[in-house]
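For reference, the structure is listed below as structure tokens.
Bear in mind these aren't lab numbers, they're just calculated from the coordinates by the rules spelled out. In this text, all values refer to a predicted model and were calculated from it rather than measured experimentally. Heads up, the Cβs are rebuilt from the backbone with ideal geometry, glycines too, and the neighbour counts pull from every protein chain shown.
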Ligand code: GLN
């Protein structure tokens, strides 16, 4: 049986160095060499998952097919590797402690004192080793946080122990650090890297490879210095230079020889890489034939990380249409029926993303109205779809007080309401939920099937009738209003296979107006842009060129 090799990626000096991107890019490169790769993120925080965290704290919550609410790095992993991930690909300190405490209460450790070492570290090792279940050639494990943090110590201890458990030739340690350039001195500085490696060694981990995040490439001379001080091979020190586009990182790593060094050190059966798809992608990104401007009307406009997958899916849609996509974030709280034109008239397409809570909701409803009346391509995702439905109910179907139960529980026409019972086909149970249920894990989460109406815009986009998309929401379209809205001109073009849940709405007499209850952005990759994003961008591009001709 093939033995999976493990690559552990740690970070030093400071956070936000791009460990997730480095891990994804290395994974992508190893894949181009014919190796099967899986990847995991270990997050040191105590939340059991990031689902309960505010996006301003943590950025986007990425949802997997199996309904796990995970770190946004899993989004990078899926986009770069093109493989769907699951619950097993993201653990937090909270989830590790949770299972240890559950076992303790069950009496699994009866008679013993439960301790960080060995119980927590054993649980972490179990989580890491579960990656080898399907025997991939390589499992990349990214440890969140920065070396030296109190929180990440059990994770680091666990990966230290694994070298002994699995054997030296099955483990490789990569340390990502910052090599700042000091303008005044006119040189790169290696001291932070030296300190960070010292810290790592003090807990028993000697890195095999060091990746230096830097503004400009680190010179061979400096690499020699880092190699000498940190006790690594000279050809095991790499630069990770800032790039203007994340999809350039794999090729940049390839030019540096990172994947080759990893393959040699781990004795991987690597073939010559097939880099054409990555080269074509980078070429397409660098040579657009035109441009289009999309407005994202949401609440977290100051924090781009909150809409990470969405942002990427729009870029992918641009690649599919050979256009550069300019993103303009608009705060929905600034928009009113009167001011909508002022904020939205220069846009080729309008997108309202998912969200929770009532802040800025009337602005989003005015935005949907503006897009509908002015025939601007419109894409409403989850909350965005719900806003489009409310708007249509109010201004076209004549239900002037229509609302979602989430924003006004007293509304006479709750066109969007809390579904208290639904069938969870994955768990094969009917989920019953009270209106006051706790906030962790009470959402419809993960992949659900959806049937598309023959000949509809979304059916044409997907080119198939049965699709599967990922969900993360509590509220649903209220079927009581299906007839009324249909008569007024809304098309319910996607429903659950038993027709009980509305998944997609469209306006046929509009150039492109689509709302979906699911989150298509989670499944878009640069190599396979999502059909709805592709078509939305196409419609926006067409609107722009029609405008230019006038
Ligand atoms: N707040 C809405 C709901 O819970 C929409 C959620 C979302 O956009 N992800 O149904």
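In Å and from the alpha-carbon atoms only, list the Rg and Dmax of the chain.
Cα-based Rg and Dmax for the chain come out at 24.9, 81 Å.
Hey, could you grab the Kirkwood Rh for the stretch 1-70? Inverse mean 1/r over distinct alpha carbon pairs, Å, one decimal.
One over the average 1/r among Cα pairs gives 14.5 Å for the stretch 1-70.
Find how much the distance from residue 432 to residue 460 grows on full extension, using 0.36 nm per residue of separation minus their present alpha carbon separation; answer in nm with one decimal. Can you show the working numbers first?
Numbers: separation 28, 0.36 × 28 = 10.08 nm, distance 3.53 nm.
Extending this stretch completely gives an extra 6.6 nm.
For the stretch 395-550, what is the relative contact order in percent, using Cα pairs closer than 8 Å and at least 6 residues apart in sequence?
It comes to 17 percent, rounded to a whole number.
Per the helix-only calculation at 222 nm, which mean residue ellipticity applies to the chain, given -39500 (n - 2.57) for every DSSP H run of n ≥ 4 and division by its residues, nearest 500 deg cm²/dmol?
-10500 deg cm²/dmol
Kindly put 49, 346 in sequence by how many other C-beta atoms sit within 10 Å of each C-beta, fewest to most.
Fewest-to-most ranking of 49, 346: 346, 49.
Can you classify the stretch 299-362 as rounded, prolate or oblate using the Cα gyration tensor, where a ≥ b ≥ c are the square roots of its eigenvalues, rounded means a/c under 1.5, and otherwise it's prolate if a/b beats b/c and oblate if not?
It comes out oblate by the Cα gyration axes.
Using a 10 Å cut-off around each Cβ, can you sort 195, 316, 395 from fewest to most neighbouring Cβ atoms? Can you show the working numbers first?
Details: 195 15, 316 24, 395 18.
Fewest-to-most Cβ neighbours within 10 Å comes out as 195, 395, 316.
Considering every pair of different Cα atoms, what Kirkwood radius, in Å, is found for the stretch 424-550?
That comes to 16.3 Å for the stretch 424-550.
Counting every Cα pair in the stretch 491-550, what percent are over 15 Å apart? Write out the running numbers ahead of the final one.
Working: 1090 of 1770 pairs.
Here the long-distance tail beyond 15 Å is 62 percent of all Cα pairs in the stretch 491-550.
Using 0.36 nm per residue of separation minus the Cα-Cα distance, give me the extension gain between residue 189 and residue 291 in nm, one decimal.
32.7 nm
Between the stretch 182-259 and the stretch 338-382, how many Å separate their Cα centres?
That distance is 45 Å.
Please report how far the C-alpha centroid of the stretch 460-518 lies from that of the stretch 4-78, rounded to the nearest whole angstrom.
32 Å
Per 0.36 nm of contour for each residue apart, how much would the distance between residue 422 and residue 499 grow if the chain were fully extended, relative to their Cα-Cα spacing?
26.5 nm
In terms of the Cα gyration tensor, with a ≥ b ≥ c the square roots of its eigenvalues, is the stretch 43-149 rounded because a/c is under 1.5, prolate because a/b exceeds b/c, or oblate?
Judged from the Cα gyration tensor, the stretch 43-149 comes out prolate (a/c at least 1.5, a/b above b/c).
For the stretch 317-403, what's the relative contact order in percent, using C-alpha pairs closer than 8 Å and at least 6 residues apart? The partial results should precede the final answer.
On the way: 102 pairs, mean separation 22.9, N = 87.
Worked out over the stretch 317-403, it gives 26 percent.
Pop a pseudo-label 7 angstrom from the Cα along the beta-carbon direction at both residue 400 and residue 341 and give the gap in nm to one decimal.
Rounded to a tenth, the inter-label distance reads 2.3 nm.
Evaluate E = 1/(1 + (r/R0)^6) for residue 198 and residue 480, where r is the Cβ-Cβ distance and R0 equals 51 Å; express this FRET efficiency to the nearest 0.05.
Given R0 = 51 Å and the Cβ-Cβ separation, E is 0.20.
If I fit a long axis through the Cα atoms of helix 276-286 and take the longest principal axis of the Cα atoms of the chain, what angle between them do I get, 0 to 90°, rounded to 10?
Relative to the chain, helix 276-286 is tipped by roughly 60 degrees.
Using the beta-carbon distance between residue 57 and residue 117 and R0 = 25 Å, what value does 1/(1 + (r/R0)^6) give for FRET efficiency, to the nearest 0.05?
Calculated value: 0.25.
Quick one: angle between helix 383-395 and the longest Cα principal axis of the chain, in degrees between 0 and 90, rounded to 10, please.
10 degrees
What angle, in degrees between 0 and 90 and rounded to the nearest 10, separates the Cα long axis of helix 361-373 from the longest principal axis of the Cα atoms of the chain?
The helix 361-373 is inclined about 60 degrees to the chain.
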